[in-house]
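Here the structure comes first, spelled out in structure tokens, and everything after it is commentary.
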Amino acid sequence: MLWKAISSKYEHGRFVSSSSKGCLVKFVQRLNRSCAGRRRAPRSTALVGLLRLIRRKVDEFPPTNADGRRFGDGAFRTFHSWLDAEAPGLLVTALGDDVGEADLAELGGYLGASFGDPQRLDYGTGHETSFVVFLYCLWRVGVLVDVDVDGGSVVLDVIAEYLATCRHVQRTYVLEPAGSRGVWALDDYQVLAFLFGSSQHLAAAAAAASEEEEEKPPQEPPVGKAGYAKGNDLDVALVERHAPTSLFFQGLDFATKSKTGATFAEASPILFSYATKPWRAINRAIFLYYDAEVLGTFVVARHLLFGDLFPASWQQRPALGGPQRGKGPHPYARQNQLAKQSPATETRSGKTRLAATTRQEEKAQHQSRDEERSNEHAPGDVTHGTTTETPS
């Protein structure tokens, strides 16, 4: 079963330095490298079919706008309830019955969390990260293999389809940007779309990839500087030309159509500032942004879910019901045991204090030192460093 393990800034600090976060970052880096210079990849038909089914299902729960909200239609809750209930069965249909019951429950939870929050009626970079965690867990259980991850198929096929499905969900239910900082955010909804999309335009890899492909697309993506702005506005013709094969330009197109009434420079100043930079510098900047502003930000990371496939490796797993994997030791049992024995615990203010057992030990040490001091002046014991006998 899944749970939220980041409940305070102290816990978030432990997550940032944890092995789980390190594994997730390495997985994102692999995906980033996998699509360098690529515009097409072998199709992962099972997962793509699953995402297309979810997209079609959105149309069966049309928006009602019953409460007249600016953001978030209540019909999204109905759609999300269907997704949560059906996710394990959908995964069995798409992946077969080789995945265990406990793993299916965990994977289904991550899949549902990838499309937004049904209570807050919002979607943001934390939900986008949940989908990457979903893919990471599929790799851990062997559904995705290294050639899928490193060959570009996961990004250019599965993630591309996920982004298309998410944008359909956002357009249909007008989900509020989760935790958005307005113009000071790279994008209201996604970051990884721009990270992987910028990787597609890296010059050296693009040249190598074009030599291997038998058919060359009619329009080569720009491989030097980005150059997607004209003055303070977006170069719409360039965006439309490259959007069919570029995740980056698809993101630009969606962001521009979602924000009206302002120039590109005013509505998306961070993306606008990248327009004059080389693609490699853009790719590096977006990766650092994702690490710091998504995984490294408490208000975003606190909504991440953890389980057995993606564990909260720095803390004891809570006792929860649900399918069990077996009686063997959990792979993080020793870390949990060491964490349990740690003398530091957290207070509500986020600071640390000594545990009760440690305070008792200190009290006993103080009492022992007091007894030693009192004995220094007892008759017949020690006087000025010389031992004397008490007359009988």
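The values are calculated or read from the model by the stated rules, or taken from the named source; none is laboratory data. In this text the structure is predicted, and so the values were computed from the model without any measurement. Neighbour counts are summed over all protein chains in view; Cβ atoms, including those assigned to glycine, are modelled from backbone coordinates with ideal geometry. SASA here: full protein model, heavy atoms, side chains in, ligands and nucleic acids out. Shrake-Rupley method; radii C 1.70, N 1.55, O 1.52, S 1.80 Å.
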Identify all residues within region 145-180 that are under 18 Å from the mean Cα position of the chain (by Cα) and part of a loop (DSSP other than H, G, I, E, B); write none if there are none. ALA178, GLY179, SER180
Working only within region 26-51, note down all residues that are touching an Asp or Glu at 6+ places or on another chain (Cβ under 7 Å) and open to solvent by 10 Å² or more (accessible area, probe 1.4 Å). ARG30, ALA41, ARG43, SER44
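Looking only at residues that are among the basic types (Lys, Arg) and closer than 27 Å to GLU101 by Cα in region 1-25, which one is most open to solvent (accessible area, probe 1.4 Å)?
LYS4
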Checked TYR123, TYR136, TYR173, TYR189 against criteria (at pLDDT 95 or above, hydroxyl-bearing (Ser, Thr, Tyr) and buried (at least 19 other Cβ atoms within 10 Å of the Cβ)); the one match is TYR136
Verdict on GLY112 being small (Gly, Ala, Ser), at pLDDT 95 or above and under 20 Å from PHE306 (Cα atoms): yes
Can you confirm whether ALA85 is in a helix (DSSP H, G or I) and open to solvent by less than 40 Å² (accessible area, probe 1.4 Å)? no
Are there any pairs with C-beta distances below 7 angstrom linking a residue in region 234-249 that is open to solvent by 50 Å² or more (accessible area, probe 1.4 Å) to a residue that is in a loop (DSSP other than H, G, I, E, B), with the two at least 6 apart or on different chains, and if so which? ARG241/GLN219
Restricting the search to region 95-112, which residues are open to solvent by 20 Å² or more (accessible area, probe 1.4 Å) and either acidic (Asp, Glu) or within 16 Å of the chain's Cα centre (by Cα) (or both)? ASP97, ASP98, GLU101, ASP103, GLY109
